[in-house]
Amino acid sequence: MIDRTCKETPDFNLCVSLLNSDPRGSSADTSGLALILVDKIKVLAIKTLNEINGLHKIRPELKHALGECSRKYKTILQADVPEAIEALTKGVPKFAEDGVIDAGVEASACEEGFKGKSPLTSLTKSMQKISSVTRAIVRMLL
Amino acid sequence: MASSDALLPILAREEEPLSSSYTQLPDGSRSDPSLRRRPFKGLLAVSFGLLFIAFYGALIATHDGSRSNHLKTDEKATTPSRARLAGVSEKSNERFWKLSGDGSTTAFAWNNSMLSWQRTAFHFQPEQNWMNGPLFYKGWYHFFYQYNPNAAVWGDIVWGHAVSKDLIHWVHLPLAMVADQWYDANGVWTGSATFLPDGSIVMLYTGSTDTSVQVQNLAYPEDPNDPLLLKWTKFSGNPVLVPPPGILPKDFRDPTTAWKTSSGKWRITIGSKINRTGISLVYDTTDFKTYEKLDTLLHRVPNTGMWECVDFYPVSKTVVNGLDTSVNGPDVKHIVKASMDDTRIDHYAIGTYFDSNGTWIPDDPTIDVGISTSLRYDYGKFYASKTFYDQNKGRRILWGWIGESDSEAADVQKGWSSLQGIPRTVVLDTNTGKNLIQLPVEEIKSLRLSSKQFDIEVGPGTILPIDVGTAAQLDIEAEFEINKESIDKILRDASVVAEAEEFSCQNSRGSTIRDALGPFGFSVLADENLSEQTPVYFYVAKGKDSKLKTFFCTDTTRSSFANDVVKPIYGSVVPVLKGEKLTMRILVDHSIVEAFGQGGRTCITSRVYPTKAIYGAAKLFLFNNAKDATVTASFKVWQMNSAFIHPYSEEVARALSRT
């Protein structure tokens, strides 16, 4: 199931490794797989926020950009993730797609704020990739 | 009239550094937000007090990005905003969420002044909404919409309710129906009203059951003598319809208004899908309590996915009036419209309905409902629309829901998300016979204030400021005529390539290209340096049949310096018949621009979020980017008043009853 589903996403390896790392992965249906990935978005957003909080202390010159990033990652946690979870649970995948896409958008908008000197680039890329993989799976439910 | 010294060559303008880095305005430096035109804001805040207070908290907590970032503290403030945010961002039809940043933008921060400017002045904004059944009853237009009162998460959708005398000014009423039964425990979803011959109303709506199965339920007004229809009764025998064999439990929603069959029964249709084929199921009933499913489908189109909010209605081939949903006959065509779950696009097609077996076939199968070439109500941001027959004025009214094109972070910060477009009258285009005509309801004209008339000849490569004062709330009606010699030259000259065959609004570099006969039109919501602008324009070129082909487009790529906004180019071809001038109508209301090409044959709704072209700095320009042709523009521009959208009180209701 995981292999078959991940083949339809833009990043097979990432998709498989994320899903296999979760005990629920082996028995989940498509909707369940999407929920696992939304959890991964949440975990990554928390990790990134912690990173941002740490940078605030050691990189005061980036205060403005970091502040914007902080707001954007909080939106992922407070708006995008709950929206996606509720929508997947209640069987209305298009709302889940909105939240999942927005997670990638918020990460990209944060990254751009650093004018090419982002200390968060690898975390941004991770979020963009998870967002696009998750979106592909959510769209299978439409 | 513009003086000739205003005729600046467009190239000079284009040299303005469009990508200059954005300097943040200090709050309120351009204009005082307290001067905003919404005298009832205070009242609204009372009515929806919890939400507004919550958002105020969110704004304070997030405005200064340097504040400490304790999630827990902020969570409290922003969580209630979910009611407005959930499910309404609707970004997915922009398949490629491209950010505008080219590395030159600084960390973009919306300030309160910019965000409060985005709130519209004459558009209806419910809390959160998919379309339900609008209707006219005992002197009132009623609008029911999807609303989450618990404000925690998406779900538990109930029916919000508002009434109006004119479809422009609204009074919010108490909730019409809530999720209080097992058959709608997970949501009171979209429904449609039907008038019975005795003038009473039945309402069919989709409930999402306690196990998330989609079923259809019946409800009716508790007191038929109450013109405000405040209280609704759910039928004791609900649900009246459950998903039939072969239909998945979550693919059965949005019943239509019923229409009469020749044998005197009522008939409805409900959208669904089988695998990837979008379908429309048909049921007959006599009492709205028991139903007989027809073996045939109203229609089916492979590879279009789930059909939501299916709409089915007659249009006249001969008269410009709207028709009641049950009208049929030789002078009638039937429209099938479906909202595509896959693409978030409302597609329609014109065809013929067969009463005997409840089927419909399109006039032209190559533009069947939902396939990429098929017609759209609107080529911009527009979804989940429905029509209803307005027996008060003998017209059919189409109303669509307009989502946001910004990020959810910006939505959280500004505290609202999505709105209704201006209601449109919809009729068959009896001149072409191949498309609908949609125009804003005539009542919108009651908001027109002062106007200015212009007749201007615009040479090739020209852009002109149009002095209409502040340009955030406008109604524009314009006619364009391309200099005849220029057209003749193009058509006669065999060496001129058929540029029209290459052109599409989306893929032809927007309004900045320069070809023989265009583009030309208006730039709305532009700052004086045109560093931000939203051009709405015609592009005319020779097709391979050596005839002119016309496109109508809106280019939002330069609408904002913000980097968390989607900025597509929207548009499509627009039919222009021999002897017709080119015409456009544009409604501008802060962050929404609604454009109607050629009398409403092609419509484009856009959401734009300027950062500089706001308040007094929002200007209007006229441009002609054609290489060769001179264009004569005759147009009138009205300043638009704000509509009043009141919270409910008996006093307000009484006051409006007297109008």
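Compute the Cα gyration tensor for region B:383-484, then decide on rounded, prolate or oblate, letting a ≥ b ≥ c be the square roots of its eigenvalues: rounded whenever a/c is under 1.5, prolate when a/b is larger than b/c in the other cases, and oblate in all that remain.
oblate
Taking K and R as +1 and D and E as -1, what net charge do the other residues with C-beta under 12 Å from the C-beta of B:Gly191 add up to?
With Lys, Arg at +1 and Asp, Glu at -1, the neighbours total +1.
Loop only per DSSP, at most 14 neighbouring Cβ atoms within 10 Å: give me the trypsin sites (Lys or Arg not before Pro) in region A:1-67, ordered by residue number.
Of the trypsin sites (Lys or Arg not before Pro), the ones in loops of region A:1-67 whose Cβ has at most 14 other Cβ atoms within 10 Å are A:Lys7, A:Arg24.
Give me the distance between the Cα centres of region B:477-526 and region B:584-623, rounded to whole Å.
Each part's Cα centre sits 20 Å from the other's.
Evaluate the distance, in nm, between pseudo-label points positioned 7 Å from the Cα of B:Glu650 and of A:Lys57 along their respective Cα→Cβ axes.
That separation, rounded to one decimal, is 6.1 nm.
Take peptides B:630-642, B:381-393 and line them up by average Cβ neighbours within 10 Å, highest first, as a rough protection proxy.
B:381-393, B:630-642
Averaged over its residues, how many other protein chain Cβ atoms are within 10 Å of peptide A:111-121's Cβ atoms?
Partner Cβ neighbours, averaged per residue: 3.
Given axes a ≥ b ≥ c from the Cα gyration tensor, I'd like to know whether region B:572-622 is rounded (a/c under 1.5), prolate (a/b larger than b/c) or oblate.
prolate
Quick check for you: which residues of region B:465-491 have the amide N under 19 Å from the point 7 Å beyond the Cα of B:Gln453 toward its beta carbon?
Answer for region B:465-491: B:466-469, B:475-481.
Along its principal axes, what span do the Cα atoms of region B:448-640 show, with the longest given first and each in whole Å?
Per principal axis, max minus min of the Cα coordinates gives 49, 36, 28 Å.
On a full-extension model of 0.36 nm per residue, what is the gain between B:Thr233 and B:Asn431, subtracting their alpha-carbon distance, rounded to one decimal in nm?
66.8 nm
For the interface of A with B, what's the total buried accessible surface in square angstrom, probe 1.4 angstrom, rounded to the nearest hundred?
For A against B, buried area totals roughly 4000 Å².
Could you tell me what percent of the accessible area of region A:2-139 is made up of carbon and sulfur, with a 1.4 Å probe and every protein chain present?
Summing carbon and sulfur atoms, their accessible area is 53 percent of the total for region A:2-139.
Take the Cβ-Cβ distance between A:Ser27 and A:Asn50 as r, set R0 to 22 Å, and report the resulting FRET efficiency rounded to the nearest 0.05.
It comes out at approximately 0.10.
Of B:Val427, B:Ala526, B:Ile444, which is farthest towards the positive pole of region B:421-529's charge dipole, taken about the Cα centre with +1 and -1 on the beta-carbons of Lys, Arg and Asp, Glu respectively?
With unit charges placed on the Cβ atoms, the residue in question is B:Val427.
Once you sort the root eigenvalues of the Cα gyration tensor of region A:76-142 as a ≥ b ≥ c, which label holds: rounded (a/c under 1.5), prolate (a/b larger than b/c) or oblate (the other case)?
Cα axes put region A:76-142 in the prolate bin.
Which order, highest average first, do A:98-111, B:354-367 follow once you tally other Cβ atoms within 10 Å for each residue and take the mean per peptide?
Ranking, from highest mean packing down: A:98-111, B:354-367.
Sort the following peptides by mean Cβ neighbour count (other Cβ atoms within 10 Å, averaged over residues), highest first: B:528-540, B:616-628, B:221-233.
Top to bottom by mean Cβ count within 10 Å: B:528-540, B:616-628, B:221-233.
Averaged across the residues of B:401-407, what count of C-beta atoms belonging to other chains lies within 10 Å of each residue's C-beta?
Shielding by partners across B:401-407 averages 2.
Once R0 is set to 25 Å, what does the formula 1/(1 + (r/R0)^6) return for the Cβ-Cβ distance between B:Glu528 and B:Ser634, expressed as a FRET efficiency to the nearest 0.05?
So, using R0 = 25 Å, E works out to roughly 0.55.
Separation of region B:357-412 and region A:120-142 by C-alpha centroid, Å?
30 Å
How big is the charge dipole of chain A about its Cα centre, in debye rounded to the nearest 20, if each Lys and Arg gets +1 on its Cβ and each Asp and Glu gets -1 on its Cβ?
Taking the Cα centre of chain A as origin, the dipole is about 360 debye.
If you roll a 1.4 Å probe over region B:330-399 with all protein chains in place, what percent of the accessible area is carbon or sulfur?
57 percent
Give the residue from B:Gly597, B:Ala613, B:Tyr570 lying farthest towards the positive end of the charge dipole for region B:548-659; charges sit on Cβ (+1 for Lys and Arg, -1 for Asp and Glu) and the dipole is referred to the Cα centre.
Comparing the listed Cα positions along the dipole, B:Gly597 ranks first.
Please go through the residue pairs B:Lys260/B:Lys434; B:Lys547/B:Lys636; B:Lys567/B:Lys619; B:Lys231/B:Lys381; A:Lys40/B:Lys273 and name each one whose alpha carbons sit more than 23 Å apart in this structure.
B:Lys260/B:Lys434; B:Lys547/B:Lys636; B:Lys231/B:Lys381; A:Lys40/B:Lys273
Just the number: Rg to Rh for region B:301-370, Cα atoms, Kirkwood Rh, two decimals.
Radius of gyration over Kirkwood radius for region B:301-370 works out to 0.98.
Among the residues of region A:29-66, which ones have their accessible area go down by 20 Å² or more when all the protein chains sit together, as opposed to their chain alone (1.4 Å probe)?
For region A:29-66, once contacts with the other chains are taken into account, A:Asn53, A:His56, A:Lys63, A:His64 lose 20 Å² or more.
Dipole magnitude of region B:289-366 about its Cα centre, charges +1 at Lys/Arg Cβ and -1 at Asp/Glu Cβ only, in debye to the nearest 20?
60 debye
By how many nm would the segment from B:Thr211 to B:Lys165 grow when fully extended, if each residue of separation counts as 0.36 nm and the alpha-carbon distance is taken off?
Contour length minus Cα-Cα distance gives 12.6 nm.
Need one value for B:556-568: mean number of C-beta atoms belonging to other chains within 10 Å of its residues' C-beta atoms.
So the per-residue partner count for this stretch is 1.
Can you figure out the FRET efficiency of B:Leu439 with B:Lys333, using R₀ = 25 Å and their beta-carbon distance, to the nearest 0.05?
Rounded to the nearest 0.05, the efficiency is 0.85.
If the chain between B:Asp488 and B:Thr366 were fully stretched, how many nm would it gain, using 0.36 nm times the residue separation less the Cα-Cα distance?
Separation in residues times 0.36 nm, less the Cα-Cα distance, equals 40.7 nm.
Where the centroid of each part is defined by its Cα atoms, how far is region A:17-42 from region B:440-468 in Å?
Here the two parts' Cα centres lie 55 Å apart.
Carbon-plus-sulfur fraction of the accessible area of region B:448-640, 1.4 Å probe, in percent?
48 percent
In a solvent-free Debye calculation with one equal scatterer on each Cα, what is log10 I(q)/I(0) for chain A at q = 0.16, 0.18 Å⁻¹, listed in the order of the q values?
Reported log10 I(q)/I(0), two decimals: -0.77, -0.93.
The values are calculated or read from the model by the stated rules, or taken from the named source; none is laboratory data. Just so it is clear, the structure is predicted and the values come from calculations on it, not from any experiment. For neighbour counting, all protein chains shown are included, and Cβ atoms are generated from backbone atoms with ideal geometry for every residue, glycine included. Ligands, DNA and RNA are stripped out before the accessible areas are found, and what is left, the full protein with its side chains, is counted by its heavy atoms. Shrake-Rupley method; radii C 1.70, N 1.55, O 1.52, S 1.80 Å.
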